[in-house]
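Peer 1: Following this message is one structure expressed as structure tokens.
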Amino acid sequence: MIFHNGLVFTADAARSLASAVAVRDGRIVAVGGDAEVARFRAGAHEVVDLEGRLLLPGFVDAHAHPVMGGLERLRCDLSELETADEYLTAIGAYAAATTGWILGGGWSMSAFPGGCPAAELLDRVVPDRLVLLPNRDHHSAWVNTRTLELAGIGADTPDPPDGRIERDAGGRPTGTLHEGAMRLVERLVPAETQAEFDAALAEAQRYLHSLGVVGWQDAMVKAGPGASVHEAYLRACRDGTLTAKVTGALWWDRDCPADGIADQVAALAALRDETAGGRYDAGTVKVMLDGVAETFTAAMLEPYLDHCGHSTGNHGLSFLDAAQAKAVVTALDAAGFQVHFHALGDRAVRDALDALAAARAANGTSGRAHHLAHLQLVHPDDIPRFAALGATANLQALWAAHEPQMDELTIPFLGAERADRQYPFGALLRAGAPLAMGSDWPVSTPDPLAALHVAVNRIDPQAPEGTPPLGAHQALPLPVALAAYTTGSARAARLDTGTIAVGRPADLVVLDRNPLTGPPGEIGAARVARTYVDGQLVHAGERDDHRR
């Protein structure tokens, strides 16, 4: 197969450009111009005329929850809606068409006062059935009054150590549960069947391929007993339906006591051993250190502010304290695992970096590409430590923009100084940190082009005209962002893909235009025309007929 007459972004270290590529038996055999691919042309079964469009390596999402996203798409999916009225209409329609629990989610905190929807709203459309609808970031959930009653959540129910029940002035639960408080209801939810997990993975893979994603790191893989996400990947591998290349980040149980660390590491290693070979590897462990800023659960060095700008004394939540984090990470590193941190607040970031330093001191330099995801706030003193420790900054670029959740639920409670240094992509780049990019889907859209738009412009592609950038000094050049979402993410996910070079897998994406030569404000308008994995076409856009 030949691609020619376009721009080829190779994503190699030199950011080399070419105009033609030849592929044979799923591997790239020539990169350059027409002269370099000429000897393959006579035997080509297909010649794709790029007509000036961009060919680049397939995107790799370094932090996503595809099976969770697939489940939401198959259930009560609110992710494409924006207002409370739209949510209630969709929930009512779903309830009328189904029986049993109302599951799904994807609502936006910005649609409700204070980011917290009330049970009474849900009662209008589902008064007598159990409802559990996580929001887009899956750090909070919306339930109705019936669900609160059946879960035994009342005014006397204490907040769990790792969560919070939203309450009114009299202490009565209002219908929003944060972090660990969601588990008070989750224990009532019927377990997903293996058929549901399998269908969710298939739907997620189809959708992600349509967006140019050829591989990903699943940031929360749990195993049985019983049906599980881990088993869904194993089954898809065995039956040949897994076309994507996947690294699974096995879930670290944060309730594990100090004397149970060795046993949990051994159990995770046994799961890792089940994935030797094939397109699914579970050599990573997800360690979640904190929550999110909107619910004041991200772990901060300095406390959150109140509505008047005064200190609240609340520093957020640490799901593992600093000493626990060091012990866990050192044990995982010694066992050969890559560690994938959720670290959103600056205290969580520091704890993660300290844990990596402790692991290095105990075990030596591992080269395991440990990485920290989210990084909403990083203390300036910690920026250079990424390069020094070889820690990858795993960026969720779509969040680095002004929108209601940022402007109403975050900035006022951080204060001007901290708000100005949110999502310090540019500072990390200038300090030499390895960069990767991911979406955190279904928290936000898995569309890499939307994320690239924000990484370059620091403005959401759907924002009203005149919206200012959020910290323009932290923007990335488009070639850097493209490399982060391809070769950088592939490296972070330990996948053999991410560049266009002779001998590499033909994991390729054709865009419908060339955003490298267009206005930066139009990056988000680009669409995927074709996606290939190992030279096999896994997605073709409706109007793509550029074969010659």
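Rule-based calculations on the coordinates, nothing more; no lab input. Quantities reported herein were computed from a predicted structural model and do not represent experimental measurements. Neighbour counts run over all protein chains shown; Cβ positions are idealised from the backbone, glycine included.
Peer 1: What length, rounded to one decimal in nm, is gained on full extension from R235 through to A416, with 0.36 nm per residue of separation minus their alpha-carbon distance?
Peer 2: Gain on extension, R235 to A416, equals 60.2 nm.
Peer 1: If you take the beta carbon distance between T89 and T365 as r and set R0 to 41 Å, what does 1/(1 + (r/R0)^6) give as a FRET efficiency, to the nearest 0.05?
Peer 2: 0.15
Peer 1: Hey, what number do you get for the chain at 222 nm if only DSSP H runs of n ≥ 4 count, each worth -39500 (n - 2.57), divided across all residues, to the nearest 500?
Peer 2: -8500 deg cm²/dmol
Peer 1: Testing the spin-label approximation: label points 7 Å from Cα along Cα→Cβ at Q462 and T98. State their distance in nm.
Peer 2: Label at Q462, label at T98, 2.1 nm between them.
Peer 1: With a Förster radius of 22 Å, plug the Cβ-Cβ distance of D128 and A195 into 1/(1 + (r/R0)^6) and report the FRET value to the nearest 0.05.
Peer 2: Once rounded, the FRET efficiency stands at 0.20.
Peer 1: Order of F337, F425, F112 from fewest to most other C-beta atoms within 10 Å?
Peer 2: Listing F337, F425, F112 from fewest to most nearby Cβ atoms yields F112, F337, F425.
Peer 1: Follow-up question, since we're still on this one. Tell me the label only: which of (1) 78, 57, 51; (2) 110, 61, 49; (3) 72, 60, 47 is Cα extents along the principal axes in Å as calculated from this structure?
Peer 2: (1)
Peer 1: Which of rounded, prolate or oblate describes region 194-492 when judged by the alpha-carbon gyration tensor and an a/c cut-off of 1.5?
Peer 2: oblate
Peer 1: Excluding same-chain residues fewer than 8 positions from K286, which lysines have a Cα within less than 16 Å of its Cα?
Peer 2: Those lysines meeting the cut-off are K222, K326.
Peer 1: Which angle from 0 to 90°, rounded to the nearest 10, does the C-alpha axis of helix 448-457 make with the longest principal axis of the chain?
Peer 2: Long axis of 448-457 versus the principal axis of the chain: about 80 degrees.
Peer 1: I'd like the antiparallel share, as a percent to the nearest 5, of DSSP beta bridges with both residues in region 102-186.
Peer 2: About 75 percent, rounded to the nearest 5.
Peer 1: Something else now. Going by average Cβ neighbours within 10 Å, how do the peptides 453-461, 20-28 rank, with the highest at the top?
Peer 2: Sorting 453-461, 20-28 by mean packing, highest first, produces 453-461, 20-28.
Peer 1: Run the simple label-point estimate for L301 and R15 please: 7 Å along Cα→C-beta, distance reported in nm.
Peer 2: Modelled inter-label distance: 3.0 nm.
Peer 1: Going by Cα centres, region 267-298 and region 83-127 are how many Å apart?
Peer 2: Comparing the Cα centres of region 267-298 and region 83-127, I get a distance of 30 Å.
Peer 1: Taking Cα atoms, how many degrees apart are the long axis of helix 194-210 and the longest axis of the chain, rounded to 10 and kept between 0 and 90?
Peer 2: In the chain, helix 194-210 runs at an angle near 50 degrees to the longest axis.
Peer 1: Report the full-extension gain for the segment D25 to R494: residue separation times 0.36 nm, less the Cα-Cα distance, to one decimal in nm.
Peer 2: In short, 166.6 nm is gained.
Peer 1: In the neighborhood of Y87, defined by Cβ-to-Cβ distances under 13 Å, what is the net charge if each Lys or Arg adds +1 and each Asp or Glu adds -1?
Peer 2: Its environment carries a net charge of -3.
Peer 1: Pop the C-beta distance of R39 and T517 into the FRET formula with R0 = 25 Å and round what comes out to the nearest 0.05.
Peer 2: Given R0 = 25 Å and the Cβ-Cβ separation, E is 0.30.
Peer 1: Give the angle, between 0 and 90 degrees and rounded to the nearest 10, that separates the Cα long axis of helix 84-97 from the longest principal axis of the Cα atoms of the chain.
Peer 2: 90 degrees
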